[in-house]
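Asks: Attaching a single structure in structure tokens format; questions to follow.
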Ligand code: DX5
Ligand code: ZN
């Protein structure tokens, strides 16, 4: 099954003071998703933003709000991130002991559920959750900060995850996050990813709209 390529620009790399303007531009340029990196200073060393920030951005973009929770015990905040306008909520396999329960709860809110693994976590650990998810996210940098370099071994993980999805009976997107640039996107797509997060490559570019088009190959 070949899927459409979706670009999900990460707001983390945007100047927060101009975030409304930035997210409008990238949506107009054809980015169908918007990636929202939530960090709690515990699961990862950095602190970013919470549901109120997401809620305040919601009126400025028609994009699918793709919320990536890098927080401990995410069950505590699913209601808040759902109410803020998330369309997809992705939780880390490493962030709690009740992953299946949280995934079911996300779906019970009428929202898509995703699961994400850090670079050191094997793809095989995802297999038992396939019936409960709409998206797999493979971290291609250590979560916590934008602007890092793509870890080349992530390509093998993408190939393995794509093969696992294709061998299943489920319709699951495969997203990649961290260090994506116009120079490496082709091999990333060839490895099977169909949802591409890009922070610095979009919002640190002189022209974010042009950067989205370039990543889409337009
Ligand atoms: C890192 C975040 C990423 C990050 C990607 O923890 O999950 O979404 O913003 O940024 P770039 O594209 O700059 O690597
Ligand atoms: Zn992310």
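Asks: Only one of (1) within 16 Å of ligand 2 (Cβ to nearest atom); (2) in a loop (DSSP other than H, G, I, E, B); (3) closer than 22 Å to residue 24 by Cα is not met by residue 202, so which one is it?
Replies: Status for residue 202: all satisfied but (2).
Asks: Related question: Filtering segment 1-27 down to residues that are away from ligand 1 (no atom under 16 Å from the Cβ) and either at pLDDT 95 or above or more than 28 Å from residue 191 (Cβ to Cβ) (or both), which residue is surrounded by the fewest Cβ atoms within 10 Å (Cβ to Cβ)?
Replies: Per the criteria, the residue is 17.
Asks: OK, next. Only one of (1) without any contact (Cβ under 8 Å) to a residue 40 or more places away in the chain; (2) over 24 Å from residue 41 (Cβ atoms); (3) within 12 Å of ligand 1 (Cβ to nearest atom); (4) within 17 Å of the chain's Cα centre (by Cα) fails for residue 202. Which number is that?
Replies: (1)
Asks: What pairs come out if I take residues in segment 157-170 that are within 13 Å of residue 194 (Cα to Cα) and pair them with residues that are part of a helix (DSSP H, G or I) whose C-beta lies under 8 Å away, six or more apart or interchain?
Replies: Note: pairs meeting the criteria are 158/188; 161/123; 161/126; 165/130.
Asks: Given (1) within 16 Å of ligand 1 (Cβ to nearest atom); (2) buried (at least 18 other Cβ atoms within 10 Å of the Cβ), where does residue 189 come up short, assuming only one miss?
Replies: Just one mismatch for residue 189, condition (2).
Asks: For residue 152, work out the one condition from (1) under 22 Å from residue 6 (Cα atoms); (2) more than 16 Å from ligand 1 (Cβ to nearest atom); (3) more than 15 Å from the chain's Cα centre (by Cα) it doesn't fulfil.
Replies: With respect to (1) under 22 Å from residue 6 (Cα atoms); (2) more than 16 Å from ligand 1 (Cβ to nearest atom); (3) more than 15 Å from the chain's Cα centre (by Cα), residue 152 is out only on (2).
Asks: Let me ask another. Of everything in segment 162-193, what is within 16 Å of ligand 2 (Cβ to nearest atom) and either over 19 Å from residue 208 (Cβ atoms) or under 13 Å from the mean Cα position of the chain (by Cα) (or both)? Give them in sequence order.
Replies: Within segment 162-193, 173, 174, 175, 176, 177, 178, 179, 180, 188, 193 qualify.
Asks: Then there's this: Pick from segment 35-62 the residues that are part of a strand (DSSP E or B) and in contact with a strand residue (DSSP E or B) (Cβ under 6 Å, 6 or more places away or on another chain): which of them is farthest from residue 175 (Cα to Cα)? Explain how you work it out, then say what you get.
Replies: Pass one, segment 35-62, residues part of a strand (DSSP E or B): 35-40, 47.
From what is left, the residues that are in contact with a strand residue (DSSP E or B) (Cβ under 6 Å, 6 or more places away or on another chain) are 35-39, 47.
On the way: 35: 11, 36: 14, 37: 14, 38: 17, 39: 19, 47: 22 Å.
That would be 47.
Asks: Given the conditions (1) within 12 Å of the chain's Cα centre (by Cα); (2) in contact (Cβ under 8 Å) with a residue 60 or more places away in the chain, and given that residue 31 satisfies all but one, which numbered condition is not satisfied?
Replies: (1)
Asks: What is the number of the single condition among (1) within 16 Å of ligand 2 (Cβ to nearest atom); (2) on the phi < 0 side of the Ramachandran plot; (3) touching a residue at least 60 places away in the same chain (Cβ under 8 Å) that residue 147 does not meet?
Replies: That leaves (2) as the condition not met.
Asks: Within segment 117-147, work out how many residues are within 9 Å of ligand 1 (Cβ to nearest atom) and either modelled with pLDDT under 95 or out of contact with any helix residue (DSSP H, G or I) (no Cβ under 9 Å at 6 or more places or on another chain) (or both).
Replies: So the count comes out to 4.
The values are calculated or read from the model by the stated rules, or taken from the named source; none is laboratory data. Given the structure is predicted, the values throughout are model-derived calculations rather than measurements. So basically every Cβ, Gly included, is an ideal-geometry build from the backbone, and we count neighbours across all protein chains shown.
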